[in-house]
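To start, the structure itself, in structure tokens.
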Amino acid sequence: MGSFDIASNPHRRFNALTGEWLLVSPHRAKRPWQGQVEKLPSLIQPSYDEKCYLCPGNKRVSGDMNPDYKKTYVFTNDFAALTEDTPESKSEDELFKMESSRGTARVICFSPDHSKTLPLMETKEIRSVVDLWADQYTELSGSYQYVQLFENKGSVMGCSNPHPHGQIWASSFIPEEISKEYSRQLEYLKKHGTPLLLDYVNAELRKQERIIFETEFFVALVPFWAFWPFETMILPKFKVQSIDRLNDAQRDDLSLAIGKLTCRYDNLFECSFPYSMGWHNAPSDGKEHEEWQLHAHYYPPLLRSATVRKFVAGFELLAERQRDLTPEQAAERLRNLSDTHYSKHNQE
Ligand code: H2U
Ligand code: ZN
């Protein structure tokens, strides 16, 4: 038994943001990259699909017609998981606790072009999406305790349509993940007087082990406690609680960062890279939320190639989440990728 080496010995890492432990087994990841890396045929989509319910001018399942939109488009989800007019109900029974929930769900089209996913957009086109997220947050945070802005991309993530789009769910309650992050950030602020994620991003910038890239105002990194093989976060380098508070220059810079990260993701396995991503804005429950820092999480399911995904089963489902590839190895791979999309390289 020699001395402990974090790059090769099994260990547990603590997620400072959620308070959960994760098992890391780096010795198991020694094999992956010798294995064959399969390539999927690149997902070429037409700019307009007459069968797509999100394309401009097309009819949705509800019978409503989409307008001939030019940039972005928002509508109330025809199959919303939350309803605005749910009757009040609550049970405090210790074993059968429940409460009724209210909310709304919207679908947002990122582009009128059926084929233009975020990594294929110009920075100024991504900027329209950032502005839309900010406006939606402003509007919905006036009526709901929490607004979740997210994107489910790829059929492996259960996304039903390749047309570039995201969703927004606004709820009368603070959901579980947010409530965990709130407790941890509040506790940290009380102890140190500074926001947890601001101290975290500064510490990561000093270490330079998990940074993928930096822009003027933002950092993309693989968090120390990442669970998914290529999980990342986008973090601001300055104090800000929600996306609506970003100024013009910061929004432009964020659009650049989103373009770079999603492009590197596509380049990793030369495919339209699937993920679930979302913004964690401060809850809109009327509190100040000095503890909160705006951030995005990207959770991609792919492990070794476009066709090998990670499954959450066995020990991970029953006991504790686990990963093989270390966050440092994942960051190194993403750091070394190009900011030019592979489809453009291949055209040259
Ligand atoms: P996905 O990201 O899961 O594919 O979401 C697409 C959403 O679009 C889904 O939540 C909604 C579905 O309810 N939808 C409509 O609102 N109208 C339609 O005509 C089809 C799909
Ligand atoms: Zn479409």
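The values are calculated or read from the model by the stated rules, or taken from the named source; none is laboratory data. No experiment lies behind these values; they were computed from the predicted model shown. Cβ atoms come from the backbone with ideal geometry, glycine included; neighbour counts cover every protein chain shown.
Observations on the structure shown:
- Residue list for region 232-249, restricted to those being aliphatic (A, V, I, L, M), part of a strand (DSSP E or B) and over 24 Å from Ser25 (Cβ atoms): Ile234, Leu235
- Residue check, Ser101 more than 16 Å from ligand 1 (Cβ to nearest atom) and touching a Phe, Trp or Tyr at 6+ places or on another chain (Cβ under 7 Å): yes
- Residue match in region 95-116 (condition: part of a loop (DSSP other than H, G, I, E, B), within 25 Å of the chain's Cα centre (by Cα) and among the basic types (Lys, Arg)): yes
- Of all residues in region 70-83, those satisfying the criterion of being surrounded by 14 or more Cβ atoms within 10 Å (Cβ to Cβ) and more than 8 Å from ligand 1 (Cβ to nearest atom) are Lys71, Thr72, Tyr73, Val74, Leu82.
- When region 289-336 is limited to residues that are hydroxyl-bearing (Ser, Thr, Tyr) and assigned to a strand (DSSP E or B), the one that is modelled with the lowest pLDDT turns out to be Ser305.
- Residue in region 245-257 that is among the small types (Gly, Ala, Ser) and over 16 Å from the mean Cα position of the chain (by Cα) present: yes
- Unique match (being touching a residue at least 12 places away in the same chain (Cβ under 8 Å), in contact with a Lys or Arg (Cβ under 8 Å, 6 or more places away or on another chain) and outside any loop (DSSP other than H, G, I, E, B)) among Asp252, Asp339: Asp252
- Residue match in region 120-130 (condition: small (Gly, Ala, Ser) and either buried (at least 18 other Cβ atoms within 10 Å of the Cβ) or touching a Pro at 6+ places or on another chain (Cβ under 9 Å) (or both)): no
- Test for Ser183: is it surrounded by fewer than 16 Cβ atoms within 10 Å (Cβ to Cβ), in contact (Cβ under 8 Å) with a residue 12 or more places away in the chain, more than 25 Å from Leu302 (Cβ to Cβ) and among the hydroxyl-bearing types (Ser, Thr, Tyr): yes
- All of (1) over 24 Å from Met157 (Cα atoms); (2) part of a helix (DSSP H, G or I) hold for Asp266 with one exception: (1).
- Filter pass, Ala226 being among the small types (Gly, Ala, Ser), away from ligand 2 (no atom under 16 Å from the Cβ) and buried (at least 17 other Cβ atoms within 10 Å of the Cβ): yes
- Meets criteria (modelled with pLDDT under 95 and charged (D, E, K, R)) for Arg12: no
- In region 132-160, the residues that are at positive phi form Cβ pairs under 9 Å with partners that are among the small types (Gly, Ala, Ser) and within 16 Å of ligand 2 (Cβ to nearest atom), at six or more places apart or across chains, as follows: Gly154/Ser272.
- For region 57-102, filtering for residues that are aromatic (Phe, Trp, Tyr) and within 16 Å of ligand 2 (Cβ to nearest atom) leaves 3.
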